[in-house]
Amino acid sequence: MKEVQEDNSKVKIVVTIIFMIFFIILVTNSTKILKKPTDVFVVSNGSLSYEEPAEGYIIRDEVVLQGENYKNGMVKVLSDGERAAKSEIVFRYYSNSEESILQQITKLDEEISEIIENSGIELVSSDISSIEGQIENTIDSMHNLNYLQKIQENKNKIEAYISRKAQITGTLSPSDSYVKNLTNQRNNLEKELESGSETMYAPISGTASYRVDGLETILLPNNFDYLNSELLEGFNLKVGAVVPLSNEKGKIVNNFECHIATSIQSEKATLAKIGDNVTLRLSNANEINAEIVYVKEEEKNTILVFKITENVKELLEYRKISFDIIWWKYVGWKISNSCIIEENDQTYVETNATGYLEKIPIKVLRQNDTYSIVENYTEQELIELGYSEKEIADMNKIKLYDEIILH
């Protein structure tokens, strides 16, 4: 009986040991049994950036044009945003008797045209044919225009073509004809008009603009020491507001570069240095390169001035704009920070492509709170990290679309 009890005890012990071994195996592998597809992360192409919103004031190299007769109104020879060569006529002011003279010229043009049409004389001139073609093309181009200024400009062109045609016609007529006399009268009126008007010329080459806001002589591009937060905030300008067109002044603007000054409270701004290159994202979503050319530390804010050479013409309408400062941006293989293992000052990721976990050393280029941009080490870098040639030869590297383990 005693022997039977001993045998039962032994059986119980064996069963208990087997059960414990099974339980340990079950617990050890439970994570693998319960593992879901979301426990891996697929390596993909992506980008990381660090950016901050800002508001800035546009500072241009610009020369204001204003004559003595600015109260008379102006005739814009070059339209707003049109390229101007040095010494080219930009606009002119009306003379005191301009309206009367123009009425007389218009009346003469109508009389000359009427006489020619009723005379039945056929005049052959390549100049007249060319001008008639220009008149037709200008009329055709007006059909889809919605802007009153452009329509008025084309109207002025048509009137100029008709006037030129009348002049040529008069020249081709007999010298003692009535048409010739009317043409001479017209020429004299034009000379009188020119002598009595004030013409403004471009002192330098650049872009003609009539958006004058009075800040051209305050926000200067030569020395930025005058800038401070109090000055910029004191302008009380609305972000993105279009500078209105002036009927008294014009200006010539350097269309190759301009500057944007901002007052910003930012840790990155306090670390900025002259010569640093950043990217600015404008309100139209365009990303442009910019160079920091001025830095001034204030009690709370930092004054930064960026020099840009892109989208200069597109900014002519504005003085104050909003934009994003992209301090840095990296493009490459993007992975979750939860995939990265740090051991002994080295970073790894794990793969399970061959049925068992394998650590692969990777280099982290940039990182934010959620993601990292990474790349494989070069062979030389791995040698410098202490890996042998055999280890490097046997080592796998991460590739695009690889599945790496999330931790």
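The set of residues from region 363-407 being in contact with a strand residue (DSSP E or B) (Cβ under 9 Å, 6 or more places away or on another chain), in a helix (DSSP H, G or I) and either surrounded by 14 or more Cβ atoms within 10 Å (Cβ to Cβ) or not assigned by TED's automatic domain parsing to the domain that holds E350 (or both) comprises just one member, L382.
Could you grab me the full set of residues in region 300-310 that are exposed (fewer than 15 other Cβ atoms within 10 Å of the Cβ) and over 16 Å from G275 (Cβ atoms)?
Here is the first cut: in region 300-310, the ones exposed (fewer than 15 other Cβ atoms within 10 Å of the Cβ) are 300, 309.
The one that is exposed (fewer than 15 other Cβ atoms within 10 Å of the Cβ) and over 16 Å from G275 (Cβ atoms): K300.
Quick grid of which residues meet (1) in contact (Cβ under 8 Å) with a residue 40 or more places away in the chain; (2) in contact with a helix residue (DSSP H, G or I) (Cβ under 8 Å, 6 or more places away or on another chain); (3) within 28 Å of N45 (Cβ to Cβ):
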| residue | (1), (2), (3) |
| --- | --- |
| K307 | yes, no, no |
| E317 | yes, no, no |
| K320 | yes, no, no |
| S338 | yes, no, yes |
| M395 | no, yes, yes |
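Might you let me know whether region 19-42 holds any residue that is farther than 30 Å from I398 by Cα and modelled with pLDDT of 80 or more? Even if it seems obvious, please write down each step before you answer.
If we filter region 19-42 for residues that are farther than 30 Å from I398 by Cα, which is where we start, we get 19-27.
Still in the list and also modelled with pLDDT of 80 or more: none.
Checked region 19-42: no residue is farther than 30 Å from I398 by Cα and modelled with pLDDT of 80 or more.
Against the numbered list (1) within 22 Å of the chain's Cα centre (by Cα); (2) surrounded by 14 or more Cβ atoms within 10 Å (Cβ to Cβ), V43 comes up short only at (1).
Checking the conditions here, which among E287, E216, E257 is charged (D, E, K, R), in contact with a Ser or Thr (Cβ under 6 Å, 6 or more places away or on another chain) and closer than 27 Å to V90 by Cα?
Details: E287 fails: closer than 27 Å to V90 by Cα; E216 fails: in contact with a Ser or Thr (Cβ under 6 Å, 6 or more places away or on another chain).
Every option except E257 fails the conditions.
Out of I341, I404, I303, report the one residue that is closer than 30 Å to S209 by Cβ, in contact with a Phe, Trp or Tyr (Cβ under 8 Å, 6 or more places away or on another chain) and of a type outside the set (F, W, Y).
Going through I341, I404, I303 in turn, just one is closer than 30 Å to S209 by Cβ, in contact with a Phe, Trp or Tyr (Cβ under 8 Å, 6 or more places away or on another chain) and of a type outside the set (F, W, Y): I303.
The set of residues in region 243-281 that are charged (D, E, K, R) and under 23 Å from E82 (Cβ atoms) comprises E248, K249, K251, E257.
The values are calculated or read from the model by the stated rules, or taken from the named source; none is laboratory data. On a predicted model such as this, the values are computed, not experimentally measured, just so you know. Cβ atoms come from the backbone with ideal geometry, glycine included; neighbour counts cover every protein chain shown.
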